[in-house]
1. Scan the stretch 61-103 residue by residue and report those that are in contact (Cβ under 8 Å) with a residue 60 or more places away in the chain and surrounded by fewer than 16 Cβ atoms within 10 Å (Cβ to Cβ).
2. If I ask for residues that are out of contact with any Cys (no Cβ under 6 Å at 6 or more places or on another chain), touching a residue at least 12 places away in the same chain (Cβ under 8 Å) and not β-branched (Val, Ile, Thr), which ones from the stretch 21-35 would you list?
3. May I ask you to list the residues in the stretch 104-115 that are within 16 Å of Glu44 (Cα to Cα) and open to solvent by less than 40 Å² (accessible area, probe 1.4 Å)?
4. In this structure, is Gly26 at positive phi and modelled with pLDDT under 95?
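The values are calculated or read from the model by the stated rules, or taken from the named source; none is laboratory data. The model shown is predicted, which means the values in this text are computed figures rather than measured ones. Backbone-built Cβ (ideal geometry, glycine too); neighbour counts: all protein chains shown. Accessible surface is based on the protein model in full, side chains and every heavy atom, while ligands, DNA and RNA are left aside. Shrake-Rupley method; radii C 1.70, N 1.55, O 1.52, S 1.80 Å.
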Amino acid sequence: QVQLVESGGGLVQAGGSLRLSCAASGRTFSSYVMGWFRQAPGKEREFVGRISPSGITTLYADSVKGRSTIFRDNAKNTMYLQMNSLKPEDTAVYYCAADAPPLRAYSGGYRLPGEYDYWGQGTQVTVSS
């Protein structure tokens, strides 16, 4: 069983930055596809980005592309989301997710919540105008 714990959320002014962390349990973290999603009140869970097990390949939603970076430290069992130039529309609860082997095919890009097996509890990000 994989357990995920997000941290690093908080209140930030528009244009500011935050770094979110996702700490994972498990002895095979380096084999997991890891993703970030977010959910605003009254809206469906939305894809933010994902990273391959080795950390070599990343994919981002258009809404955050160019101002967000996902990276991981497999020795620390931790994945990160660095967000810059934050906008009020970035306000949401941010969740990390993991898919353990056997992995899905990559044709869909791991953009859907159903492609992940494990989820954290979420951390709140609030961006003020």
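1. Gln82, Asn84, Ser85, Lys87, Pro88, Pro101, Leu103
2. Our first condition is that a residue be out of contact with any Cys (no Cβ under 6 Å at 6 or more places or on another chain); within the stretch 21-35, this holds for 21, 23-35.
Applying the additional criterion that residues be touching a residue at least 12 places away in the same chain (Cβ under 8 Å) yields 21, 23-26, 28-35.
Scanning the stretch 21-35 gives Ser21, Ala23, Ala24, Ser25, Gly26, Phe29, Ser30, Ser31, Tyr32, Met34, Gly35.
3. Kept after step one, since they are within 16 Å of Glu44 (Cα to Cα), are these residues of the stretch 104-115: 111-115.
Correct list: Glu115 only.
4. Numbers: at positive phi: yes; modelled with pLDDT under 95: yes.
Yes; evaluated as a whole, the condition is true for this residue.
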